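Okay, so here's the structure we're looking at.
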Amino acid sequence: MLEDLGKALTNIGLASVGLAAMAVEQAGKAGKVLIEKGAVAVEEGRKYGAELQEKYQQDAKRRQEERFDQQVSQLDAGQREALRRRLAELDELERDVVQAAEQPNQPEQHPEDDDHPEL
């Protein structure tokens, strides 16, 4: 009877060790699943954030264009002519900048350099 009790206690001890090992194994598997799902959630969050940012930028651009159209629509003939002149000036400045950028860099010559020959 004592032997049966000892065997029963040994079996219970072994079963509890086995159960603990299984619990650790299952916890490891569950942890891996949670990590994978967390990584998926992070990636989905990034995609959602990027989509939201793109939508916000498009909406901001649309509102800016609407405000610009509204402001231009409210100009009188004199203001529109002044705007045309200013735009023409800006176009000319832009052409000058492009031309200057296309020309090769030429060294600057200073009048004081003419008095001193290079050594």
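Within the set Val40, Val33, Val17, the sole residue that is part of a helix (DSSP H, G or I), open to solvent by 90 Å² or more (accessible area, probe 1.4 Å) and among the aliphatic types (A, V, I, L, M) turns out to be Val17. Got at least one residue in region 70-83 being modelled with pLDDT of 90 or more, surrounded by 10 or more Cβ atoms within 10 Å (Cβ to Cβ) and charged (D, E, K, R)? Checked against the condition, which is being modelled with pLDDT of 90 or more, surrounded by 10 or more Cβ atoms within 10 Å (Cβ to Cβ) and charged (D, E, K, R), region 70-83 yields at least one hit.
The values are calculated or read from the model by the stated rules, or taken from the named source; none is laboratory data. Please read these numbers as outputs of a predicted model, since none were measured by experiment. Cβ: placed from backbone, ideal geometry, glycine included. Neighbour counts: every protein chain shown. Surface areas here come from the heavy atoms of the whole protein model, side chains and all, with no ligands, DNA or RNA. Shrake-Rupley method; radii C 1.70, N 1.55, O 1.52, S 1.80 Å.
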